[in-house]
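Asks: Let me begin by handing over the structure; questions about it come next.
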Amino acid sequence: MRFQLPPLWCAILAAAAAAVAVPLSEETHGRSDGVHDGAACARCIHTVVGAPQQASRVATGMNFDTPVNVVNVSDNTLPLGWVLRGYTGNSNSFRIIDGPNVTSMLPGPDEIGGVGLPVGLNRSATATDLDHCGAWLNAAVSQLPGDPPNMVRGFYHEEWECDYAHNAFTNKSIAYAESTDGGKTFVKVGHPHNQVILPPLGNTTATAAAGQQIGEGDHGVVHDPVSGYLYLFFTEWDQPPHHPVRIGVARSPTARVQGDAKPSAGNGLPGTWTKFYNGQWTEPGEGGMSSALANITGTHMVGPRPGMPFYISIGQQLGHLPGHGIRLAFSTTPAGAPPLAWEPMQEPLISMEPTSWFRQPNSTELFGYSALIPQVDAASGRWSTTKYWLFYTYLRPGTLFSQRLLVRRPVTLTVADSPLPTNAPTALVTLQQTVCPGTNTRSTDWWATTTLVTSNYTTQATLGALMTAPGSDRRPLLDCLIKGTQDHMVGVTETECHEPGVQRLRLLGYLFTKPGPKGTTAPLYRCYNNATRMHHATLNATCDGDGHVEFCMGHLPQVRS
């Protein structure tokens, strides 16, 4: 389902009609409004996240341990002349997308989630190899200058001397592989000496006693066709204990920069990468120092393309900003310049709450390994500038990593010609109304939620969209379960969701305490049926013929498909 903003949406609680964003149905291939020379204004950007869909067929513990990445490969044997191939993995790497769309999932065995086939990048059997604990294909690029059509260059995250039971201790680095069959399979060229990024301290077990992850990895790679460089963003794990990790960047020239039709001097090969350090690109990728980038949210990237000349970063960094969750950041440097300056969105793409990666029966839901992938126009093969898929690994409350799912959600992104008003939301997430029909042993359960529902629930309607960060004119909504009646209730206070027999499932998001301009918001009611003792949330003041109104919870921003 695709979402559009209603008229005057960006004028919610403000008279600034000039801040209305470009309609989400519009496919913008020219220069976007609000973008000048490739620099982005984060406050000019508006996102709407649709309802979640399960992308994996079944749950698994053997896949979805790295962000999904997708590459467009030329293939003249296919009707379109190209194909999308996407990857993820867990110690071993898998091709999970193969077809004309980002949603073209490749069937696979149940043990890896029912999607995906091996690509030949597996953990090494030799204990001294730096990929002895695994090879995760975090990034792939194709169609570089000087490369043949079927060449895909891969950059995989590798781990060594791992002791995951000891506070997840491991050593991280990044290595090179390549495919000559259009990304179906890869070979570790030059293995075991095929590293492109190594930490300054080298791969060591010096902090093993503390159980601290070390090294440099967990990366993303993009090609900038304007500058001709490949940029690799990586996580610097070698920080003092209890300090946040940092993000650095390295680059490799393509044959276009070299002025040479032969890519032997660059195109991502080992030995051609230099890290950015103290204002210069002079430190070697293997063992060199690097400077931390400020205001960047993660290492997974969407690169510049026609109509969208800036970079987009996605991740869960910058937890000090309002609203915890998956957040975007945008490069603010001119087109063709190194993406070193960043501005984050003030509101997260999806609101979420801190949780532990060490799972317990009472653990809350977990979102991990987020990726933003542009959708592709099937006729032209061009990446969209407004339509995306958000992929992430998801664990339901109380589940273990052996039960991880791959989830995707449609995202629309628009750019206004000036910053939106301070009190206008820049990020919205869809609130859906689902229902589980009643049986002889239970009553009908209406579940209003933003999360992935179980298979016995069907979507009835899209109620609207919640905001993802708090504000003085906003009220939080909570997803709560009354266990005795299996009643999913939308809570408005922490107190009612922590009463005996009630389980607080999640923060849903925020809605307005007062109505906005006509047509931009709708009252959201909480209803209750005395006979069945069941609640439900609705926009209908008659409670859909199921009970009576308890109260109006607030005013819900409206979206339309």
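The values are calculated or read from the model by the stated rules, or taken from the named source; none is laboratory data. Fair warning: this is a prediction, and the values are worked out from it, not measured in the lab. Note: ideal-geometry Cβ built from the backbone for every residue, glycine included; neighbour counts use all protein chains shown. Heads up: the accessible areas ignore ligands, DNA and RNA and are worked out on the full protein's heavy atoms, side chains in. Shrake-Rupley method; radii C 1.70, N 1.55, O 1.52, S 1.80 Å.
Asks: Hey, could you grab the Kirkwood Rh for the stretch 267-426? Inverse mean 1/r over distinct alpha carbon pairs, Å, one decimal.
Replies: Evaluated over the stretch 267-426, this radius sits at 18.0 Å.
Asks: For K184, which lysines qualify as cross-link partners when the Cα separation must be under 27 Å and same-chain residues fewer than eight apart are set aside?
Replies: K172, K262, K387
Asks: Take F169, F551, F358 and sort them by solvent-accessible surface of the protein heavy atoms, 1.4 Å probe, largest at the top.
Replies: F358, F551, F169
Asks: Pop out the ³J(HN,Hα) list for the stretch 498-515 in order, Karplus 6.51 cos²θ - 1.76 cosθ + 1.60 with θ = phi - 60°, rounded to Hz; leave Gly and Pro as x.
Replies: These are the phi-based 3J(HN,Hα) values: 10, 6, x, x, 10, 10, 7, 8, 5, 7, 7, x, 9, 10, 6, 7, 10, x Hz.
Asks: Quote the Stokes-Einstein diffusion coefficient, in whole µm² s⁻¹, for the stretch 391-538, based on the Kirkwood radius over alpha carbon pairs, a temperature of 4 °C and a viscosity of 1.567 mPa s.
Replies: The estimated diffusion coefficient comes to 76 µm²/s.
Asks: What does the accessible area per residue of the chain come to in Å², with a 1.4 Å probe and no ligands, DNA or RNA counted?
Replies: On the way: 21090 Å² over 561 residues.
Using a 1.4 Å probe on heavy atoms only, each residue of the chain averages 38 Å².
Asks: Which three numbers, in whole Å and largest first, are the semi-axes of the equivalent ellipsoid of the stretch 289-346 derived from its Cα gyration tensor as √(5λ)? Walk me through the numbers on the way to the answer.
Replies: Working: eigenvalues 77, 39, 17 Å².
Over the Cα atoms of the stretch 289-346, the semi-axes work out to 20, 14, 9 Å.
Asks: Show that you can apply the helix-only estimate: for the chain, add -39,500 (n - 2.57) for every DSSP H stretch of four or more residues, divide by all residues, and state [θ] at 222 nm to the nearest 500.
Replies: Numbers: 1 runs with 4 residues, N = 561.
One gets 0 deg cm²/dmol as the mean residue ellipticity at 222 nm.
Asks: Here is a follow-up. Report the per residue volume, in Å³, of the convex hull enclosing the C-alpha atoms of the stretch 429-498.
Replies: 93 Å³
Asks: Another one. Quick one: which residues, 5+ away or cross-chain, put their amide H under 5 Å from the amide H of S173? H built at 1.01 Å from N.
Replies: Sorted by chain and number, the residues that satisfy this are E158, E216.
Asks: Solvent-accessible area of Y528, probe 1.4 Å, all protein chains present, reported in Å² to the nearest ten, please.
Replies: Surface accessible to solvent at Y528 totals approximately 50 Å².
Asks: Tally the DSSP beta bridges in the chain and give the antiparallel ones as a percent, rounded to 5. Mind showing how you got there, number by number?
Replies: On the way: 139 of 145 bridges.
In the chain, DSSP labels about 95 percent of beta bridges as antiparallel.
Asks: Continuing with this model, one more query. Out of every Cα-Cα pair in the stretch 90-229, what percent are more than 18 Å apart?
Replies: 60 percent
Asks: Tell me which residues come under 5 Å, amide H to amide H, from G509 once H is placed; ignore anything under 5 positions away on its chain.
Replies: Here the answer is L477, since their amide H atoms fall under 5 Å of that of G509.
Asks: Once the Cα gyration tensor of the stretch 362-436 is diagonalised, what are the square roots of 5 times its eigenvalues, in whole Å and ordered largest first, as equivalent ellipsoid semi-axes?
Replies: Its equivalent ellipsoid spans semi-axes of 29, 20, 12 Å.
Asks: Give me the percent relative contact order of the chain, please, defined on Cα pairs under 8 angstrom at least 6 residues apart.
Replies: Contact order relative to length: 16 percent.
Asks: When N is the residue count of the chain, what does its C-alpha Rg come to as a fraction of 2.2 N^0.38 Å? Numbers along the way, then the final one.
Replies: Working: Rg = 23.9 Å, N = 561, 2.2 N^0.38 = 24.4 Å.
In units of the globular-protein estimate, the chain measures up at 0.98.
Asks: Which value, to two decimals, describes the C-alpha radius of gyration of the stretch 215-316 once divided by 2.2 N^0.38 Å?
Replies: 1.10
Asks: How large is the dipole of the chain about the Cα centre if only Lys and Arg carry +1 and Asp and Glu carry -1, each at its Cβ, rounded to the nearest 20 debye?
Replies: Around 840 debye, computed over the chain.
Asks: In whole Hz, with x marking every Gly and Pro, tabulate ³J(HN,Hα) for the stretch 419-431 from phi via Karplus 6.51 cos²θ - 1.76 cosθ + 1.60, θ = phi - 60°.
Replies: Ordered by residue, 3J(HN,Hα) equals x, 5, x, 4, 8, 8, x, 9, 9, 10, 10, 5, 9 Hz.
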